[in-house]
Structures are given as structure tokens and as C-alpha cells.
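A.B. asks: Quick one: the structure is below, questions incoming.
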Amino acid sequence: MGIGEAQDYLTATVLGPVKPSVNLCGDVLEGLGIRSVTKGSRKAMNLLADLVEQAIRSVSGTSHKDQ
């Protein structure tokens, strides 16, 4: 299934594939964060990190009265 098909099926934006990785899964489940990303997943993870950073900036940019 391609990214476009996945987006249609899920009715959501799909950034890209994340290849299964025992190390990545273990790191996240252990609370270590993401220490390394396989080459096949790097683009999607970078896009995701950018979106998270933008969301954090937009929240931290609001005044405390707005929250």
C-alpha cells in the first residue's frame, strides 16, 4: 500500500513509513526516547519531529491567559 492509499483509508495525513525496529520500539517503551532511526524511517521521523516542534512553539508562544 502506498502513502496516498494509506491516507485515503485512514482519512488522516501519513508522513511516511516507519520500518519495524526492535531497538526503536524497546527504546520508546523503556522511556529512552528515540536514540537512533533506521535509514528507511529517517525521513518520516524528521517530518514528525518538525511537526512536534511546531506544535510546542505554538503552545509556548501563547500567553498564560490564553491557556
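The values are calculated or read from the model by the stated rules, or taken from the named source; none is laboratory data. Values in this document were obtained by computation on a predicted structure and should not be read as measured data. Counting neighbours? That spans all protein chains shown, and the Cβs are built from the backbone with ideal geometry, glycine included. Each accessible area value is taken on the protein alone, full model and side chains, heavy atoms only, with ligands, DNA and RNA left out. Shrake-Rupley method; radii C 1.70, N 1.55, O 1.52, S 1.80 Å.
A.B. asks: Want the number for residue 36 to residue 18: 0.36 nm per residue separation, take away the alpha-carbon distance, what's left?
C.D. replies: 5.2 nm
A.B. asks: For the chain, with only Lys/Arg (+1) and Asp/Glu (-1) charged at the beta-carbon, what is the dipole magnitude about the Cα centre, in debye rounded to 20?
C.D. replies: 240 debye
A.B. asks: Using a 1.4 Å probe over the heavy atoms of the protein chains, calculate the carbon and sulfur portion of the accessible area of the chain as a whole percent.
C.D. replies: Its accessible area is 58 percent carbon and sulfur atoms.
A.B. asks: Once you keep just the Cα pairs under 8 angstrom separated by 6 or more residues, what percentage relative contact order results for the chain?
C.D. replies: Taking the mean separation of contacting Cα pairs over the length of the chain, I get 26 percent.
A.B. asks: Just name one of 58, 6, 47: the one whose Cα is farthest towards the positive end of the charge dipole of the chain (beta-carbon charges, Lys/Arg +1, Asp/Glu -1).
C.D. replies: Selected residue: 47.
A.B. asks: Full-extension gain between residue 53 and residue 9, please, as 0.36 nm times their residue separation minus the C-alpha to C-alpha distance.
C.D. replies: Between residue 53 and residue 9, full extension yields an extra 13.1 nm.
A.B. asks: Rolling a 1.4 angstrom probe over the protein heavy atoms, how many square angstrom per residue are accessible across the stretch 3-61?
C.D. replies: Accessible area per residue, the stretch 3-61: 81 Å².
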